[in-house]
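Here the structure comes first, spelled out in structure tokens, and everything after it is commentary.
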Amino acid sequence: MSEIPEENELLDVPFGVAREIFEEVQTLKSAQRFSLSELDPEFADKLEVVLTECQKQGYNMVPYDGIRHPVTQGGYWRRSRSSAVVQKKISDLQAAGAGYLASAIDDAGPKNGKWATNAIPGYSWHQWGEAVDCYWEKNGTAEWNDLEGYRVYAAIAEENGLISLGSIGDWVHVQKRSGSIGSIYSLSEINAEMEKRFAT
Ligand SMILES: [Zn+2]
């Protein structure tokens, strides 16, 4: 089988684009927004410890993106990519038997904007309930320039056994497992898992 997702990069969304995504998330229906109870339970427990410790140290980290629907992920992936590239990916995925992932990209519809991610649907830990993005609330507002709070959050996350992507420029993001999804699961396993979790 051809290795469709060479897209298995660790990076979720770079910090420079995180603010745009944050603003997009604010427009979602509340049911699609962050809910601790939908996350992987072990991850949620560790995250709570991390957020409490940040708070104790004077940094209020606010989760805004947890479970991210494959179609939403498809939309992020489509940003910055030409329709030819998008159509090729959709047909490659279909040909490889990953019809659900192909549909998630297709259903997202055309998207513009800066490059946001290399992860196609299913290949972000956000689709597995094992990742969360938090902003630093400084003086009552989301801070997108000063990294101080994000550095503390990253350090505390690592101390508590979570993986921070701060060192590769994704300061909002922490996840449960290290490594890429594509190195752990096959394309067909990912397609099946996403279909099970999200297809209605
Ligand atoms: Zn993230």
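The values are calculated or read from the model by the stated rules, or taken from the named source; none is laboratory data. Computed from a predicted structure; not experimentally measured. Cβ atoms come from the backbone with ideal geometry, glycine included; neighbour counts cover every protein chain shown.
Per-structure values
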quantity: Among (1) under 26 Å from residue 44 (Cβ atoms); (2) surrounded by fewer than 20 Cβ atoms within 10 Å (Cβ to Cβ), the one test that residue 110 misses; calculated: (1)
quantity: Answer residue from segment 151-163, given it is out of contact with any Lys or Arg (no Cβ under 9 Å at 6 or more places or on another chain) and farther than 21 Å from residue 25 by Cβ and is farthest from the ligand (Cβ to nearest atom) among those; calculated: 159
quantity: Any hit, segment 78-100, residues being under 12 Å from residue 124 (Cβ atoms), buried (at least 16 other Cβ atoms within 10 Å of the Cβ) and of a type outside the set (Asp, Glu); calculated: no
quantity: Matching residues in segment 146-170 - criterion: being in contact with a helix residue (DSSP H, G or I) (Cβ under 7 Å, 6 or more places away or on another chain) and at pLDDT below 95; calculated: 166, 169, 170
quantity: Residue count, segment 164-181 (criterion: within 13 Å of the ligand (Cβ to nearest atom) and more than 13 Å from the chain's Cα centre (by Cα)); calculated: 3
quantity: Output for segment 170-187, where each listed residue is crowded, with 20+ Cβ neighbours inside 10 Å and either of a type in the set (A, V, I, L, M) or under 18 Å from residue 39 (Cα atoms) (or both); calculated: 172, 173, 174, 175, 176, 181, 187
quantity: The listed residue being surrounded by fewer than 21 Cβ atoms within 10 Å (Cβ to Cβ), under 19 Å from residue 196 (Cα atoms) and within 18 Å of the chain's Cα centre (by Cα), out of 71, 62; calculated: 71
quantity: Cross-chain or 6+ apart pairs with Cβ under 8 Å, segment 24-48 first and closer than 20 Å to residue 161 by Cα, then assigned to a helix (DSSP H, G or I) and at pLDDT below 80; calculated: 44/36; 47/36; 48/36
quantity: Residue selected from segment 33-54 under the condition in a helix (DSSP H, G or I) and touching a Pro at 6+ places or on another chain (Cβ under 8 Å), by the criterion modelled with the lowest pLDDT; calculated: 36
quantity: Odd one out for residue 197, checked against (1) within 15 Å of the ligand (Cβ to nearest atom); (2) in contact (Cβ under 8 Å) with a residue 24 or more places away in the chain; (3) under 16 Å from the mean Cα position of the chain (by Cα); calculated: (1)
quantity: Some residue of segment 100-121 being modelled with pLDDT under 95 and touching a strand residue (DSSP E or B) at 6+ places or on another chain (Cβ under 9 Å); calculated: no
quantity: Residue tally, condition buried (at least 22 other Cβ atoms within 10 Å of the Cβ) and assigned to a helix (DSSP H, G or I), over segment 127-169; calculated: 7
quantity: Scan of segment 84-104 for residues that are under 23 Å from the mean Cα position of the chain (by Cα) and hydrophobic (A, V, I, L, M, F, W, C), ordered by number; calculated: 85, 86, 90, 93, 98, 101, 102, 104
